[in-house]
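The values are calculated or read from the model by the stated rules, or taken from the named source; none is laboratory data. Model, not experiment: these values are computed from the prediction. Note: ideal-geometry Cβ built from the backbone for every residue, glycine included; neighbour counts use all protein chains shown. Keep in mind that these areas ignore ligands, DNA and RNA; they rest on the heavy atoms of the full protein, side chains included. Shrake-Rupley method; radii C 1.70, N 1.55, O 1.52, S 1.80 Å.
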Amino acid sequence: MIAPPLENSVSAKSSSQGSAGVPPAIPEQDAPSSRPLLALIWGFTAGPTCVCPAALANIKSMKLFINGEERSLEGPLTLTSLLTRLDMKADRVAVELNLGIVPREQWTTTALAEGDRLEIVHFVGGGNPGEGGL
Amino acid sequence: MKQIISNAILILVLARASWAQGPTQFHPGFNLFSKQQDVQLGQENAAQVRAHMKVIRNPVLNDYVNKVGRRLVAAREAQESGFPFTFEVVADPTINAFALPGGPMFINTGLLRAVDNEAQLAGVIGHEMSHVILRHGTNQASKSKLVELPAVLGSQVAGGSLVGQLTKLGIGLGANSVLLKFSRSAESQADLMGSHLMAESGYNPMEMARFFEKLNQQGGRRTIQFLSDHPSPENREKAIEEEVHRLPDQQYTYQTGDFQRMKALIAHVREPKPPAPAKAQ
């Protein structure tokens, strides 16, 4: 019961400022910089072509067990995109998904799901420590 | 009195007979290194191996070789040696495995791909472990640098690099390293002690011989490092078979149960070209 009068007083003050022609420079300067920011937020949360709940559902965090370690990764993911995300050389590694080997040619079409267990055989060291660090 | 003497003779004869039928006993040969220096040397060399070779970091494969390895480590001769054995897999298509003094062992993906069953893998691991137990590497080095070594080993400062010192003497880890190039008699000893470790672990020692024979038929000695400079497979098979007869009768039925999973994974690994020249036999 106390708040409304306060709100009213603030809006009354700002509108009075605006109508009185007192520096409109500040709100005008704010406007261009806040617009892209808003657009950015808008783009991320809903997007201009809003398919809201479905779009949000697609980009979600997914729990995977990779070489025995629990990892949280943004989905959706195929095996190929996971290997790219992990920076592993796809032409060399072997992949086992939920105890079954996935042949290399099926990696692009194999979608990963929450709770999947992966074993990825990859190499480290040998003068190329960056390769496939996990 | 006559009775007692004849009994005593009988006992002696029996004791002698059972001793003769027991497994061949081996003891490490002449060595200027202390066992602790074996361990230090191996650990320093292992760090170099990890820096130069591509080591597999996958729990399924690592756990697998460790299960097989630890089973063999539990055998009497390995326990008595007191060496801290470790087992790692390196991405190298060559059919090979090598153990450094004091216990660090590296198993090539090429070897995992080549074995037909777990006992064959245990055979190669057991053979390599035996080189460590019998200290063949440092024995060899001791013999070849008889004059220079005592000064180096005696002046070894705590925390200093043993590998660095030995490299100055030409005892490095490169191809033809004296630490990894064993004599034929050392290889034969490793076969027999390896068969002890296998038998105690429940693996059939004859699978070691069968694996050597298979490699010999498959690729010849030039392409398979493990065979080069080793005794001929036929002789090895015969010697191992004779040794098995000296061991207590038993069933060889042990398996980890993970062999097929390991094989499925390893079949899909594509190793890079071997980065360094041959490391071991």
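A few notes on this one:
- Verdict on B:VAL89 being within 14 Å of another protein chain (Cβ to nearest Cβ), buried (at least 20 other Cβ atoms within 10 Å of the Cβ) and at pLDDT 95 or above: yes
- Scan of the range B:107-119 for residues that are part of a loop (DSSP other than H, G, I, E, B) and open to solvent by 10 Å² or more (accessible area, probe 1.4 Å), ordered by number: B:ASP116, B:ASN117
- Of B:ALA74, B:ALA122, all but one fail to be open to solvent by 10 Å² or more (accessible area, probe 1.4 Å), more than 14 Å from chain A (Cβ to nearest Cβ) and either touching a Ser or Thr at 6+ places or on another chain (Cβ under 8 Å) or among the hydroxyl-bearing types (Ser, Thr, Tyr) (or both); the exception is B:ALA74.
- Cβ-Cβ distances below 9 Å connect the following pairs, each with a first residue in the range B:37-56 that is under 15 Å from B:LEU162 (Cα atoms) and within 14 Å of chain A (Cβ to nearest Cβ), a second residue that is assigned to a helix (DSSP H, G or I) and of a type in the set (A, V, I, L, M), and a separation of six or more residues or different chains: B:ALA47/B:VAL163; B:GLN48/B:VAL163.
- The residue of the range A:68-115 that is nearest to B:GLU271 (Cα to Cα), among those that are exposed (fewer than 12 other Cβ atoms within 10 Å of the Cβ) and within 11 Å of chain B (Cβ to nearest Cβ), is A:ASP91.
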